[in-house]
1. Of everything in the stretch 1-45, what is closer than 17 Å to Val207 by Cβ, out of contact with any Pro (no Cβ under 8 Å at 6 or more places or on another chain), more than 14 Å from ligand 2 (Cβ to nearest atom) and aliphatic (A, V, I, L, M)? Give them in sequence order.
2. Any residue at all in the stretch 116-135 that's at pLDDT 90 or above, more than 23 Å from Gly36 (Cβ to Cβ) and buried (at least 21 other Cβ atoms within 10 Å of the Cβ)?
3. Which numbered condition in (1) away from ligand 1 (no atom under 12 Å from the Cβ); (2) basic (Lys, Arg); (3) touching a helix residue (DSSP H, G or I) at 6+ places or on another chain (Cβ under 8 Å) is the only one that Arg31 fails?
4. Output the residues belonging to the stretch 46-60 that are under 13 Å from Asp26 (Cβ atoms) and within 12 Å of ligand 2 (Cβ to nearest atom).
5. Taking the condition in the same structural domain as Arg31 (by TED's automatic domain parsing) and among the aliphatic types (A, V, I, L, M), does Ile164 pass?
6. I need a count of the residues in the stretch 203-236 that are more than 23 Å from Ser15 (Cβ to Cβ), in contact (Cβ under 8 Å) with a residue 24 or more places away in the chain and not basic (Lys, Arg).
7. Going by what's in this entry, would Ala248 be described as more than 16 Å from ligand 1 (Cβ to nearest atom), modelled with pLDDT of 95 or more and farther than 22 Å from Leu176 by Cα?
8. Which one of these is open to solvent by 30 Å² or more (accessible area, probe 1.4 Å) and within 16 Å of ligand 1 (Cβ to nearest atom): Asn187, Asn215?
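The values are calculated or read from the model by the stated rules, or taken from the named source; none is laboratory data. Quantities reported herein were computed from a predicted structural model and do not represent experimental measurements. Here the Cβ is made from the backbone with ideal geometry for all residues, glycine too, and neighbour counts use every protein chain on show. With ligands, DNA and RNA removed, areas are computed over all heavy atoms of the protein, side chains included. Shrake-Rupley method; radii C 1.70, N 1.55, O 1.52, S 1.80 Å.
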Amino acid sequence: MTGLPILEITGLSKSYGAIRAVDGVDLQVHRGEICGLIGPNGSGKSTFFDCTSGLARPNAGSVRLDGQDITGWSLNRIAREGRMLRSFQKTVTFGALDIEENLVIAGQMFTFPSVASTFGLGARSRARVDGLRQRARELIRLSGLWDVKTQPAGNLSGGQQKLIQFASMLMPEPKLILLDEPMAGINPKLIERVVEAIRYANEQLGVSFLVIEHNIDVITSICQRVAVLDQGRKLAEGTPAEIMRNQAVREAYLGG
Ligand SMILES: Nc1ncnc2c1ncn2[C@@H]1O[C@H](COP(=O)(O)OP(=O)(O)O)[C@@H](O)[C@H]1O
Ligand SMILES: [Mg+2]
């Protein structure tokens, strides 16, 4: 955890009409860390992600990624660059394609600069496709999806599709991933799988995370640090244990 934070947000604000969805929030994600972001519904968590990932433009504040000011960059520009990726609550896979094809496409979208190389013309791009296939297979094995890898992704369960989506995000070797409610709507058995996948990516691949999640057990088990939003403002920040015994947090979020 040396040097600059991987993500440094300062004074971030975003209003929709009279609603101050995010109101002057400072937040840092340290290198190598899994940081949680929690708060009641409507407290501004997704809007915070929108402004950080380029989906929405903040009214004020700055976003620095890996030391570089990326405030106001578009979602496409940030995603294409591949250093910071963001998941959405809704899962999207190519249903007719198998898992390996899904992952290779995800890798191609980031690592292929030109149309010619996207279509695999030339020896160099063939070598890159081979590299992507190898990485895809490794991630499929790690995600516990090896047994179903030849099935069309559309035939798999919602939880398995979440795992595919997660593995897809690891294809371009990002430094930071923003996860918006990764456990929403998946069964308890698969929750453990997704937790393991996040831990593996963090510990073995060196990916840092900022995670919005309502499942407090998951937050407590994977996060070193947690920030709490309430009505667009940062209410508290600390270790999961500190957050759980913080009286203001209990009142706002945990119901007293
Ligand atoms: N695109 C939008 N247009 C108008 N209001 C929005 C938009 N996005 C979010 N909001 C409002 O901003 C507030 C924060 O919402 P959101 O960031 O989705 O909270 P959370 O993710 O914590 O549930 C809510 O009052 C919500 O209605
Ligand atoms: Mg939300």
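1. Within the stretch 1-45, Met1, Leu4, Ile6, Leu7, Ile34 meet the criteria.
2. yes
3. (3)
4. Phe48
5. Numbers: in the same structural domain as Arg31 (by TED's automatic domain parsing): no; among the aliphatic types (A, V, I, L, M): yes.
Judged against the criteria, Ile164 is not a match.
6. Of the residues in that region, 18 qualify.
7. Working: more than 16 Å from ligand 1 (Cβ to nearest atom): yes; modelled with pLDDT of 95 or more: no; farther than 22 Å from Leu176 by Cα: yes.
Criteria not met by Ala248.
8. On the way: Asn187 fails: within 16 Å of ligand 1 (Cβ to nearest atom).
Criteria check complete, one pass: Asn215.
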